[in-house]
Amino acid sequence: MAVTEKTYTQFTKLTDAEDFLQFFGIDYDPTFVNVNRLHILKQFSILIQAVDKAFPNLSESEKLAKYGEAFQEAYELFKTSSPLETKLFKVFQDTPKNVVLLDDLAKEAGV
């Protein structure tokens, strides 16, 4: 049975985290992906932009190999870091305007 080489066109049609994991042949825990899918995909997006910027002249197969490494890295990141720690999404970056932090109260009280 012949192994067909994966193409960039196939890559561009992928949408779900599971599709990317299967495309790149990465073993994964479905429960972990269900909890972290948006964060994994967001981190992957950031990493492939970095790959494209750092390596603009890669062949299609080299680019897909780098993308596979980037997806693996994005997947592994959330095994050791929480979404709150990585602050990928704006909601985690903004400090609400109507919140008083305990640290601020302690400073005010001179504690």
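The values are calculated or read from the model by the stated rules, or taken from the named source; none is laboratory data. Here the structure is a predicted model, which means the values were calculated and not measured. Neighbour counts run over all protein chains shown; Cβ positions are idealised from the backbone, glycine included.
Pairs needed: first member in the stretch 65-80, within 13 Å of Ile40 (Cβ to Cβ); second member anywhere, surrounded by fewer than 19 Cβ atoms within 10 Å (Cβ to Cβ) and at pLDDT 95 or above; C-beta distance under 6 Å; at least 6 residues apart or different chains. If the second residue must be surrounded by fewer than 19 Cβ atoms within 10 Å (Cβ to Cβ) and at pLDDT 95 or above, the pairs left are Ala70/Ile48; Ala70/Val51; Gln72/Ile26.
When you scan the stretch 39-60, how many residues do you find that are without any contact (Cβ under 8 Å) to a residue 24 or more places away in the chain and of a type outside the set (Asp, Glu)? Please lay out each step first, then the result.
From the stretch 39-60, those without any contact (Cβ under 8 Å) to a residue 24 or more places away in the chain are 45, 48-59; that's our starting set.
Cutting the leftovers down to of a type outside the set (Asp, Glu) gives us 45, 48-51, 53-59.
Residues in the stretch 39-60 being without any contact (Cβ under 8 Å) to a residue 24 or more places away in the chain and of a type outside the set (Asp, Glu): 12 in total.
Within the stretch 47-68, count every residue that is within 13 Å of the chain's Cα centre (by Cα) and either basic (Lys, Arg) or exposed (fewer than 13 other Cβ atoms within 10 Å of the Cβ) (or both). Step through it out loud before you land on a result.
Step one: list which residues in the stretch 47-68 are within 13 Å of the chain's Cα centre (by Cα), which gives 47-50, 67-68.
Checking the rest, the ones that are also either basic (Lys, Arg) or exposed (fewer than 13 other Cβ atoms within 10 Å of the Cβ) (or both) come to 49-50.
Qualifying residue count for the region: 2.
I'm trying to understand the selection: among the residues of the stretch 12-22, which are in contact (Cβ under 8 Å) with a residue 24 or more places away in the chain and touching a Lys or Arg at 6+ places or on another chain (Cβ under 9 Å)? First the steps, then the outcome.
Of the residues in the stretch 12-22, the ones in contact (Cβ under 8 Å) with a residue 24 or more places away in the chain are 17, 20-21.
Across the stretch 12-22, the qualifying residue is only Ala17.
Is it true that Glu18 is acidic (Asp, Glu) and within 12 Å of the chain's Cα centre (by Cα)? Judged against the criteria, Glu18 is not a match.
Applying the criterion of at least 2 residues that are modelled with pLDDT of 70 or more and under 20 Å from Asp19 (Cβ atoms) to the helices (runs of 4 or more DSSP H) found wholly in the stretch 46-111 leaves 60-80. Filtered by the rule that a residue be surrounded by fewer than 13 Cβ atoms within 10 Å (Cβ to Cβ) and closer than 16 Å to Lys66 by Cα, the stretch 9-43 gives Thr9, Thr12, Gln22, Gly25.
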